[in-house]
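Worksheet: the structure to be examined is printed underneath.
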Amino acid sequence: MPEPTRAPRIVLGVTGSIAAFRAADLASQLTKAGCIVDVVLTRGGERFITALTLSSLTRQPVVTEAADPLREGQPVHIWLADRADLVLVAPASANMIAAAAHGFAHDELTCTLLATPSETPVAFAPAMNGKMWRHPAVQENVASLKARGVEIIGPAEGLLACGYEGIGRLWPVDEIAARILERLPSKPDGAD
C-alpha cells in the first residue's frame, strides 16, 4: 500500500501593494488545491488586507510583526523556511524586491527568505506602478533575484490602480496558482 503523501507547504508572503487584497483569492485557491499555506503578512501588506481574512481562508495562523516570534520553540522565520516546499511573494512590491535582492533582514518575510534553503523554489509575483516596474533599480534587483534562481511571475499589462494603463498588474491569480502548483516537488491531492 502506498504511503500517504504529505500536503505541500507553501509560504505566501504578502507585501504592501494595492494588489494585496488578491492574495486572499490566491491563498484560498492554493489551500483548496490541497496545500498548507503559511502566510507572512508584512506591515505594508496589513494596510491593505487583514491577517484574520488570510487565516480564515488558510486555516493557519498568519505571521505578522506582532505575532508570536516562536513556533515549536524555533524562531518563526526558521520554522517556516525549514518546512516550506516553496516560497511565493505575491504581491511583491518594489520595496520587497529590493530588500530580497540585497539580503535585508528587517521583518519576518525577509528573514524567512534569507533562511530558505537554496534548493527550495522561490517565486515573486510583482505588482506596482509601471514607471516603478521599468525603473533601472527595480530591473537590476529583479535581474539579481533571477540570477539566484528566483522565478518572476509577471507582471501583467492593463489598468493599474493609479489610473495608468500599462505593465505592473499582478498576474491573474488563477495563473499564479497554476504556476506554483506545477513547481511543487510533490503534487497535492487533487492537483493535476
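The values are calculated or read from the model by the stated rules, or taken from the named source; none is laboratory data. As the structure is a computational prediction, the values presented were derived from the model and not from experiment. Every residue, glycine as well, gets a Cβ built from its backbone with ideal geometry; the counts of neighbours run over all protein chains shown. Quick note on the areas: whole protein, heavy atoms, side chains included, nothing else; ligands and nucleic acids left out. Shrake-Rupley method; radii C 1.70, N 1.55, O 1.52, S 1.80 Å.
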Item to complete: Could you check how many residues of the stretch 132-150 are part of a helix (DSSP H, G or I), in contact with a strand residue (DSSP E or B) (Cβ under 7 Å, 6 or more places away or on another chain) and open to solvent by less than 30 Å² (accessible area, probe 1.4 Å)?
Response: 3
Practice prompt. Could you pull out the residue among ALA98, ALA156, ALA94, ALA137 that is out of contact with any Cys (no Cβ under 9 Å at 6 or more places or on another chain) and more than 18 Å from GLY16 (Cβ to Cβ)?
Written response: ALA156
Worksheet item: Among the residues of the stretch 115-131, which ones are touching a strand residue (DSSP E or B) at 6+ places or on another chain (Cβ under 7 Å) and either assigned to a helix (DSSP H, G or I) or under 23 Å from ASP82 (Cβ atoms) (or both)?
Response: THR116, THR120, PRO121, VAL122, ALA123, PHE124, GLY130
Practice prompt. Please find, within the stretch 58-79, the residue that is farthest from the chain's Cα centre (by Cα) out of those that are aliphatic (A, V, I, L, M) and open to solvent by less than 60 Å² (accessible area, probe 1.4 Å).
Written response: ALA67
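Each row is one residue, and each column tells you yes or no for (1) among the charged types (D, E, K, R); (2) crowded, with 24+ Cβ neighbours inside 10 Å; (3) within 12 Å of the chain's Cα centre (by Cα).
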| site | (1), (2), (3) |
| --- | --- |
| CYS35 | no, yes, no |
| VAL39 | no, yes, yes |
| SER55 | no, no, no |
| ALA81 | no, no, no |
| ASP85 | yes, no, no |
Response to the item:
Given (1) in a helix (DSSP H, G or I); (2) of a type in the set (A, V, I, L, M, F, W, C); (3) touching a strand residue (DSSP E or B) at 6+ places or on another chain (Cβ under 8 Å); (4) over 19 Å from MET96 (Cβ atoms), LEU52 misses just (3)
Practice prompt. State all residues of the stretch 1-33 that are open to solvent by less than 10 Å² (accessible area, probe 1.4 Å) and either in contact with a Cys (Cβ under 7 Å, 6 or more places away or on another chain) or free of Cβ contacts under 8 Å to residues at least 12 places away in the same chain (or both); if no residue qualifies, say none.
Written response: PRO8, ILE10
Worksheet, complete the sentence: Over the stretch 171-192, the set of residues open to solvent by less than 10 Å² (accessible area, probe 1.4 Å), modelled with pLDDT of 90 or more and not β-branched (Val, Ile, Thr) is ALA177, LEU184
Discussion item. Here are the criteria: (1) closer than 25 Å to LEU86 by Cβ; (2) modelled with pLDDT under 95; (3) over 13 Å from the mean Cα position of the chain (by Cα). Tell me which single one SER144 does not satisfy.
Written reply: (2)
Worksheet item: Taking the condition touching a residue at least 12 places away in the same chain (Cβ under 8 Å), assigned to a helix (DSSP H, G or I) and open to solvent by less than 20 Å² (accessible area, probe 1.4 Å), does THR112 pass?
Response: yes
